[in-house]
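Q: Got a structure for you, written out below as structure tokens; questions coming shortly.
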Amino acid sequence: MGRHPPHVAQPATRSRQDRLVTCRGRQCVSPCGFWGAKTGPNPTDRRKNGSKHHIITDANGIPLAARLTGANRHDVTQLLPLVDAIPPISGQPGRPRRRPDRVQGDRAYHSEPHRAALEQRGIEPVLARRGAEHGSGLGVFRWVVERTLSWLHQFRRLRIRYERRADIHEAFMTIGCILVCSRALQGTFC
């Protein structure tokens, strides 16, 4: 009882901002630092912070470009950055293709300014219009993108975001796209 411990605990250092802050007489998690960049309140999951994967594929479901945003970002904001992120695709002799002939999407991608921007790039927009009745026929083709997203979300690191740093999660998303391409070329995905 009379002896002191050999090492006395030092006070904690203040190397970063507190995550718990006071708000209206209670402790709240500070939204600016929790889960890092490219997160936002999820509108479908009680406003929990989350991320959203945006992907553009070819007609067979091979991912051409992928982006990561906060869960509260609308899909139409990522249409043009995804189209611009498509790398040159070689195949036939001559200059590699950089743009698709047409872009197909659901109602979330409908916007007159984005339609005009796609037409200006020489791309035919085949986007379902908001307010029009269902049965446009785009669901026949849209499932290809949904299937590719489900292939990506088979990887646990992409289904739930564990990383605080967005660049690490984007790197895992790139690795997932590489694996999807590899498995599609080998024929192991059905």
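The values are calculated or read from the model by the stated rules, or taken from the named source; none is laboratory data. Just so you know, these numbers come straight off a predicted model, no measurement behind them. A quick note on method: Cβ atoms are made from the backbone with ideal geometry, for glycine too, and the neighbour counts reach across all protein chains shown.
Q: Going residue by residue through region 32-43, is there one that turns out to be farther than 18 Å from A108 by Cβ and under 12 Å from the mean Cα position of the chain (by Cα)?
A: The answer is yes; a qualifying residue exists.
Q: Against the condition part of a strand (DSSP E or B), farther than 28 Å from I160 by Cβ, touching a strand residue (DSSP E or B) at 6+ places or on another chain (Cβ under 9 Å) and free of Cβ contacts under 8 Å to residues at least 60 places away in the same chain, how does V83 come out, does it pass? Spell out the reasoning first.
A: Working: part of a strand (DSSP E or B): no; farther than 28 Å from I160 by Cβ: yes; touching a strand residue (DSSP E or B) at 6+ places or on another chain (Cβ under 9 Å): yes; free of Cβ contacts under 8 Å to residues at least 60 places away in the same chain: yes.
Spelling it out, it is not the case that V83 is part of a strand (DSSP E or B), farther than 28 Å from I160 by Cβ, touching a strand residue (DSSP E or B) at 6+ places or on another chain (Cβ under 9 Å) and free of Cβ contacts under 8 Å to residues at least 60 places away in the same chain.
Q: Within the group E112, E124, E119, E170, which residue is free of Cβ contacts under 8 Å to residues at least 24 places away in the same chain and either buried (at least 16 other Cβ atoms within 10 Å of the Cβ) or touching a helix residue (DSSP H, G or I) at 6+ places or on another chain (Cβ under 8 Å) (or both)? Give the steps one after another, and end with the answer.
A: On the way: E112 fails: either buried (at least 16 other Cβ atoms within 10 Å of the Cβ) or touching a helix residue (DSSP H, G or I) at 6+ places or on another chain (Cβ under 8 Å) (or both); E119 fails: either buried (at least 16 other Cβ atoms within 10 Å of the Cβ) or touching a helix residue (DSSP H, G or I) at 6+ places or on another chain (Cβ under 8 Å) (or both); E170 fails: free of Cβ contacts under 8 Å to residues at least 24 places away in the same chain.
Of the residues listed, the single one that is free of Cβ contacts under 8 Å to residues at least 24 places away in the same chain and either buried (at least 16 other Cβ atoms within 10 Å of the Cβ) or touching a helix residue (DSSP H, G or I) at 6+ places or on another chain (Cβ under 8 Å) (or both) is E124.
Q: Something else now. With the condition kept exactly as written, say whether any residue in region 86-98 is within 22 Å of S51 (Cβ to Cβ) and of a type in the set (A, V, I, L, M, F, W, C).
A: Taking region 86-98 and keeping what is within 22 Å of S51 (Cβ to Cβ), we get 86.
Cutting the leftovers down to of a type in the set (A, V, I, L, M, F, W, C) gives us 86.
So far as region 86-98 goes, yes, one or more of its residues are within 22 Å of S51 (Cβ to Cβ) and of a type in the set (A, V, I, L, M, F, W, C).
Q: Tell me yes or no: at least one residue of region 58-65 is in a helix (DSSP H, G or I) and of a type outside the set (D, E, K, R). I'd like the intermediate steps shown before the answer.
A: Pass one, region 58-65, residues in a helix (DSSP H, G or I): none.
No, the conditions are met nowhere in region 58-65.
Q: Of (1) under 14 Å from I56 (Cα atoms); (2) surrounded by fewer than 14 Cβ atoms within 10 Å (Cβ to Cβ); (3) at pLDDT below 90, D106 satisfies all except one. Which?
A: Failed condition: (2).
Q: Moving to a separate point now. Please find, among R98, R102, R161, R130, the residue that is without any contact (Cβ under 8 Å) to a residue 40 or more places away in the chain, charged (D, E, K, R) and in contact with a helix residue (DSSP H, G or I) (Cβ under 8 Å, 6 or more places away or on another chain).
A: R130
Q: Right, R67: farther than 28 Å from Q186 by Cβ, surrounded by 15 or more Cβ atoms within 10 Å (Cβ to Cβ), touching a strand residue (DSSP E or B) at 6+ places or on another chain (Cβ under 7 Å) and not β-branched (V, I, T) or not?
A: Numbers: farther than 28 Å from Q186 by Cβ: no; surrounded by 15 or more Cβ atoms within 10 Å (Cβ to Cβ): yes; touching a strand residue (DSSP E or B) at 6+ places or on another chain (Cβ under 7 Å): yes; not β-branched (V, I, T): yes.
No.
So that you can scan it fast, the table gives a plain yes or no per residue for (1) in a loop (DSSP other than H, G, I, E, B); (2) at pLDDT 90 or above:
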site	(1), (2)
G122	yes, yes
A132	yes, no
S136	yes, no
Q154	yes, yes
V180	no, yes
F189	yes, no
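Q: Given the condition in contact with a helix residue (DSSP H, G or I) (Cβ under 9 Å, 6 or more places away or on another chain) and modelled with pLDDT under 85, answer yes or no: does some residue in region 143-152 qualify?
A: In the first step, residues of region 143-152 are kept if they are in contact with a helix residue (DSSP H, G or I) (Cβ under 9 Å, 6 or more places away or on another chain); the result is 148, 151-152.
Then drop every residue that is not modelled with pLDDT under 85, which leaves none.
Checked region 143-152: no residue is in contact with a helix residue (DSSP H, G or I) (Cβ under 9 Å, 6 or more places away or on another chain) and modelled with pLDDT under 85.
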